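Input: a single structure, listed below in structure tokens.
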Amino acid sequence: MTASGHSQSPSAPRRIAIVGATGTIGVNCLDVVTHLPGRVKVVGISGHSNIDRLAEQARQFKPDWVAVSEPDRLEEAKSKIPPNIRLLAGGDALARAVSAPDIDMVVCAIVGAAGLESAWAALEAGKDIALANKETLVVGGSLVTGLARERGAKLLPVDSEHSALFQLLQEPGALGRVERLVLTGSGGPFRGKTQAELRDVTIEQALNHPTWKMGPKITIDSATLMNKALEVIEARWLFDMGPEKLGVIIHPESVVHSFVEFVDGSVVAQASPPDMRLPIQYALTYPERVPGPTRRMRWDELRSWHFEQPDRQAFPALDLGFEVAARGGTAGAALNAANEVAVARFLAGSLPFMAIPKLVRDILEGHEHDSRPDLGTLARVDRKARQEAEQWRNTMTTTAR
Ligand code: NAD
Ligand code: MG
């Protein structure tokens, strides 16, 4: 029996739903699936606005259902999704579909706090989740990990750093012997730039990530280092590790995905070329390892890996991650909502790059903190922080570009 109660013989494929199938992670996940014939069956997929891609995926993978979350795209979906596939509309229908008895695992690949609802529904139904949507843990914190524990559902990290840590901590009792978890980060497109140089960066420059091809929101988060801040919070909840035991080091090649330092001083690392298909596959086949499509190390080309300390002056977003990890409660929901709006405003050209961490800090510090929120409180904090972030006016002297 799987955690969901759906019986599964060793030879039966794992039955998965992919929410956010049309995004970068979703597309990579479907590519992994094609390389694991007989191991994984795609039962359902969801998308938001890219209906052409969703329809193409539906024709190729023949799921039982396809869900569309953007109401304005439903008519288009009706005309494009093959008629023999069940078409679901809206968040409630998606939440019911991922909770159905025939699902073993849900791949959570929606971007932003919008991913919390389906992840929560899946966990509530006892489904294992392959979690790419880090915002679920940033916003939901201990409520999410508590629910997974209570329902006996596994939280399998897909974020490459957290997958690395998870892989390094497989030995029974390993977590209890940890001195420090150190997340690596590429440093993004602006590594080495000073605060002054960052004032004038453009949207195009910020979207040009050196090592990873990702959706626009996480790409901007990587440029501000807010992504690393979100990952510190994610690690805090995923591994139940206080922020004093978490660290961040910059590693431009993105080959070493994280380090674990144990109490005896031994440090172990997980390394592989930057390719999200590895952490996705590890979550899909966990606890097994099988050959797959992931890029391989080129040992004949390997010369050196570089590491440097993050520049906390130029990238003030990073400290916010440690602060929010220490504070808990509603802080993650406020930080995340403010950041989502700030990134959208930057991408719309109405906020300069360096205003992103400033806006987020202002909203975070001004929010009414609750140390033991329920889901309803988190939703209210999210809404209020979004409203305030929309209205926030930049008092910095630079112009928006
Ligand atoms: P993306 O923008 O490429 O894809 C986002 C997906 O979410 C799409 O399928 C879209 O249809 C769906 N979506 C967007 N808004 C929605 C809404 N309001 N309701 C329902 N669905 C919605 O993003 P991505 O790069 O694939 O990232 C997805 C998640 O994975 C993010 O949380 C990101 O932080 C995380 N992640 C991504 C990478 C990566 O390499 N891309 C690595 C680590 C973690
Ligand atoms: Mg990551």
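Quick notes on this one:
- For segment 118-171, a residue qualifies if it is aliphatic (A, V, I, L, M), farther than 23 Å from ALA100 by Cα and more than 12 Å from the chain's Cα centre (by Cα), and the qualifying residues are ALA164, LEU165, LEU168, LEU169.
- Checking segment 80-88 against the condition returns a match, with at least one residue being part of a strand (DSSP E or B), at pLDDT 95 or above and crowded, with 17+ Cβ neighbours inside 10 Å.
- Qualifying residue in segment 27-45 (condition: touching a residue at least 60 places away in the same chain (Cβ under 8 Å), of a type in the set (Asp, Glu) and away from ligand 1 (no atom under 16 Å from the Cβ)): no
- Qualifying positions in segment 144-174 - assigned to a helix (DSSP H, G or I) and in contact with a Leu (Cβ under 8 Å, 6 or more places away or on another chain): VAL144, THR145, LEU147, ALA148, ARG151, SER160, GLU161, HIS162, SER163, LEU165, PHE166, ALA174
- Residue match in segment 231-254 (condition: closer than 16 Å to PRO310 by Cα, more than 14 Å from ligand 2 (Cβ to nearest atom) and assigned to a helix (DSSP H, G or I)): no
- The residues listed here are PRO216, PRO243; of these, the one that is within 11 Å of ligand 1 (Cβ to nearest atom) and surrounded by fewer than 24 Cβ atoms within 10 Å (Cβ to Cβ) is PRO216.
- Residue in segment 327-334 that is part of a loop (DSSP other than H, G, I, E, B) and over 29 Å from THR145 (Cα atoms) present: no
- Segment 200-228, residues that are within 12 Å of the chain's Cα centre (by Cα), in a loop (DSSP other than H, G, I, E, B) and either among the β-branched types (Val, Ile, Thr) or within 12 Å of ligand 2 (Cβ to nearest atom) (or both): MET214
- Matching option when the condition is in a loop (DSSP other than H, G, I, E, B), surrounded by fewer than 18 Cβ atoms within 10 Å (Cβ to Cβ) and among the β-branched types (Val, Ile, Thr), among VAL268, VAL290: VAL290
- Test for LYS228: is it touching a strand residue (DSSP E or B) at 6+ places or on another chain (Cβ under 7 Å) and within 27 Å of SER350 (Cα to Cα): yes
- Close pairs from segment 292-315: first farther than 15 Å from SER254 by Cα, partner of a type in the set (Val, Ile, Thr), Cβ under 6 Å, at least 6 apart: ALA314/THR194
- Cross-chain or 6+ apart pairs with Cβ under 9 Å, segment 175-193 first and assigned to a loop (DSSP other than H, G, I, E, B), then away from ligand 2 (no atom under 16 Å from the Cβ) and among the polar types (S, T, N, Q): PRO189/GLN205; PRO189/ASN208; PHE190/GLN205
- Check on VAL324, within 24 Å of ILE203 (Cβ to Cβ), out of contact with any Ser or Thr (no Cβ under 9 Å at 6 or more places or on another chain), crowded, with 19+ Cβ neighbours inside 10 Å and at pLDDT 95 or above: no
- Residues within segment 27-56 that are more than 16 Å from ligand 2 (Cβ to nearest atom), surrounded by 23 or more Cβ atoms within 10 Å (Cβ to Cβ), of a type outside the set (A, V, I, L, M) and assigned to a helix (DSSP H, G or I), tallied: 0
- When segment 139-174 is filtered for residues that are of a type in the set (S, T, N, Q) and farther than 21 Å from ALA271 by Cα, the ones remaining, listed by number, are SER142, THR145.
- Verdict on LEU155 being more than 11 Å from ligand 1 (Cβ to nearest atom) and surrounded by 24 or more Cβ atoms within 10 Å (Cβ to Cβ): no
- The listed residue being among the hydrophobic types (A, V, I, L, M, F, W, C) and either closer than 18 Å to SER142 by Cβ or surrounded by fewer than 18 Cβ atoms within 10 Å (Cβ to Cβ) (or both), out of ALA385, ALA338, ALA389, ALA333: ALA333
- Condition check for ASP102: farther than 19 Å from GLN281 by Cα and touching a His at 6+ places or on another chain (Cβ under 9 Å): yes
- Within segment 123-143, the set of residues being more than 14 Å from ligand 1 (Cβ to nearest atom), in a helix (DSSP H, G or I) and surrounded by 23 or more Cβ atoms within 10 Å (Cβ to Cβ) comprises LEU123, GLY141.
The values are calculated or read from the model by the stated rules, or taken from the named source; none is laboratory data. Given the structure is predicted, the values throughout are model-derived calculations rather than measurements. All Cβ positions, glycine included, derive from the backbone under ideal geometry; neighbour counts span all protein chains shown.
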